[in-house]
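Please read the structure below before turning to the comments.
The values are calculated or read from the model by the stated rules, or taken from the named source; none is laboratory data. Since the model is a prediction, treat every value here as computed from it, not as a measurement. Note that each Cβ is placed from the backbone with ideal geometry, even for glycine, and that neighbours are counted across all protein chains shown. Accessible surface is based on the protein model in full, side chains and every heavy atom, while ligands, DNA and RNA are left aside. Shrake-Rupley method; radii C 1.70, N 1.55, O 1.52, S 1.80 Å.
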Amino acid sequence: MTFFQGVKAIVAKDLSMEIRGKEIISTTFMFSLLTVVIFNFAFDMAEGNARESAAGVLWVAFLFSGALTMNRGFMYEKDEDCMSALMLAPIDRSAIFFGKMLSSLLFMLATMTIITPIFILLYNVNVMERPLWQALSFFLGATGFITVGTLIAAISVNLRAREMMGPLLLLPVVAPVVIAAVKFSGGLIMNQPVEQLMIWMKVLLIFNVVYLVVAWMVFDNIIEES
Amino acid sequence: MNDGNTAPLIEVTDVVKRFGKVVAVNGVSLKIDQGDAVVIFGPNGAGKTTLFRILAGLIRPDEGSLSVEGADVTYEYGETIRHRIGYISHQSMTYTQLSARENLLFFARLYGVADPDEKADALLKRVGLTSRADDITATFSRGMKQRLSIARALVHDPDIILLDEPFTGLDQHAAEILKDTLSHLHDERKTFIMVTHNIRVGLAISRRVVVQVAGKIAMTCDTDGLNPDEFTERYFTIVGGKHY
């Protein structure tokens with residue numbers, strides 16, 4: 001069994017469970033939608049204001065839904081002690097991490113794909129004027145967030161206070177990626193030249209690499225001790 | 001079992017495992033040979049499950065060593081040995097959102113089984129779940145989940161079977177299937193190690209008994225010629241409890 005076959009099997013299993021139950025997508029979608037709608041009523045969203053705050057509102061909606069995704073994904077493994085069954089499989093244990101991470105990322109990207117057009121309609125701000133750059137910003141921001149989040153979810157899944165501990169541990173660690181993603185997305189929405197925003201793109205890339213390498217190195221110990 | 005020339009299949013030496021200030025396993029040494037059938041008895045909190053999880057490679061000991069066929073695997077429990085282990089716990093280790101067949105197919109793929117569909121169908125038939133194969137297991141009774149758990153543990157034809165209180169909560173049908181399966185595994189010279197509180201069942205299907213108390217091995221003996229009633233009396237004397 002190769003590493004990639006292990007990752008593929010775990011992602012396929014998670015997708016299959018989600019297609020059947022639709023628990024994650026429906027919950028995260030509703031949560032994101034509520035966030036976007038509440039911000040729309042809470043602030044004065046005249047054209048200028050809306051454009052300035054668009055990236056912040058969008059990323060708040062994305063991140064809350066991402067946090068829900070990861071917690072739910074690991075609860076499936078906690079039920080009936082399925083995590084032990086995964087750990088017993090003859091695969092590199094980092095394949096479990098990458099499998100869980102990729103499925104969470106797919107769910108988060110799906111929610112982002114649904115919520116972005118709704119945001120555009122509600123706020124009357126086209127956040128996708130430069131679609132490739134914005135998609136890259138969304139993808140890298142989500143990847144960094146989910147990478148750290150998957151690791152934290154693995155640590156906190158067996159804690160009684162996991163709903164509190166997860167975000168408490170996650171948000172400080174993931175702050176650089178969140179700030180960079182908001183700045184890059186916001187700059188694109190405000191029509192700033194991409195050259196001026198490259199510093200944020202570099203921050204996103206560097207932190208993504210660091211998070212992925214650290215997660216790959218420590219995941220084995222984390223799931224054993226948690 | 002061991003002819004003295006070959007290394008034991010599994011050997012733990014002076015193994016210690018702590019959780020904070022609690023010493024769950026305290027200096028345990030144990031040898032298990034190919035084809036051995038060992039039952040571990042002990043009161044709640046004796047460290048049996050922790051020892052089991054060390055044997056399965058799910059956790060690493062703080063002290064001591066663990067070897068498989070003479071190779072030290074204390075800190076690097078390789079993929080090769082995991083492929084040889086089937087683990088049945090009192091939890092089913094199956095996904096309640098998937099059907100019985102989907103669960104078996106998933107684990108068959110994880111273990112690189114050559115023909116997952118054929119294997120899943122054969123195991124579902126063996127544990128009597130063919131008629132419920134496509135139902136999600138959230139609708140299953142405890143006994144049915146445990147029968148599926150047996151199938152899951154055997155999906156890759158392991159030669160070492162670890163059973164952690166496998167009879168807990170089983171209905172009569174599931175208990176008979178499990179006993180029958182263990183009997184077949186015994187005939188195939190598979191090695192199995194079982195933790196159970198059911199002394200009569202444990203003695204009936206094992207060749208060697210280990211009693212673990214407060215993290216330590218308090219007694220070991222062969223089951224040949226062992227009188228269950230006398231053993232039960234000795235067991236309760238060792239663990240310091242009353243036998244009603």
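What the table shows:
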read-out	value
Unmet criterion (only one of (1) farther than 25 Å from A:ALA12 by Cα; (2) within 16 Å of the chain's Cα centre (by Cα)) for B:GLY86	(1)
Among the residues listed as B:VAL213, B:VAL155, the single one being touching a residue at least 24 places away in the same chain (Cβ under 8 Å) and closer than 29 Å to B:VAL23 by Cβ	B:VAL213
Residue among A:LEU205, A:LEU188 that alone is modelled with pLDDT of 90 or more and open to solvent by 50 Å² or more (accessible area, probe 1.4 Å)	A:LEU205
Candidate set from segment B:92-103 (those that are facing another protein chain (nearest Cβ under 7 Å) and either in contact (Cβ under 8 Å) with a residue 24 or more places away in the chain or touching a strand residue (DSSP E or B) at 6+ places or on another chain (Cβ under 8 Å) (or both)); member that is surrounded by the fewest Cβ atoms within 10 Å (Cβ to Cβ)	B:THR96
Unique residue being within 14 Å of chain B (Cβ to nearest Cβ) and at pLDDT 90 or above when the list is A:ALA110, A:ALA85, A:ALA61	A:ALA85
Residues that are on the phi > 0 side of the Ramachandran plot and open to solvent by less than 10 Å² (accessible area, probe 1.4 Å), drawn from segment A:56-103	none
Hey, A:THR27 within 11 Å of chain B (Cβ to nearest Cβ), of a type in the set (S, T, N, Q) and open to solvent by 40 Å² or more (accessible area, probe 1.4 Å) or not	no
Some residue of segment A:206-221 being closer than 15 Å to A:THR147 by Cβ and touching a Lys or Arg at 6+ places or on another chain (Cβ under 8 Å)	yes
Hits in segment B:77-91 - residues which are open to solvent by 10 Å² or more (accessible area, probe 1.4 Å) and in contact with an Asp or Glu (Cβ under 8 Å, 6 or more places away or on another chain)	B:GLU79, B:ARG84, B:HIS90, B:GLN91
Near pairs, Cβ below 9 angstrom, 6+ apart or cross-chain, from segment A:12-27 (farther than 11 Å from A:GLY73 by Cβ and in a helix (DSSP H, G or I)) to any residue that is among the polar types (S, T, N, Q) and open to solvent by 60 Å² or more (accessible area, probe 1.4 Å)	none
Residue within segment A:159-168 that is acidic (Asp, Glu) and not in a loop (DSSP other than H, G, I, E, B) present	yes
Residue match in segment B:52-66 (condition: farther than 21 Å from A:LEU15 by Cβ, touching a residue at least 40 places away in the same chain (Cβ under 8 Å), within 11 Å of chain A (Cβ to nearest Cβ) and touching a helix residue (DSSP H, G or I) at 6+ places or on another chain (Cβ under 8 Å))	yes
Selection status of B:THR74, surrounded by fewer than 18 Cβ atoms within 10 Å (Cβ to Cβ), under 24 Å from B:GLY169 (Cβ atoms) and either within 11 Å of chain A (Cβ to nearest Cβ) or not basic (Lys, Arg) (or both)	no
Qualifying residues in segment B:37-66 (those that are within 27 Å of A:THR2 (Cβ to Cβ) and open to solvent by 10 Å² or more (accessible area, probe 1.4 Å)) - the one nearest to the chain's Cα centre (by Cα)	B:ARG53
B:ALA24 being touching a Gly at 6+ places or on another chain (Cβ under 9 Å), within 29 Å of B:VAL201 (Cα to Cα), among the hydrophobic types (A, V, I, L, M, F, W, C) and assigned to a loop (DSSP other than H, G, I, E, B)	no
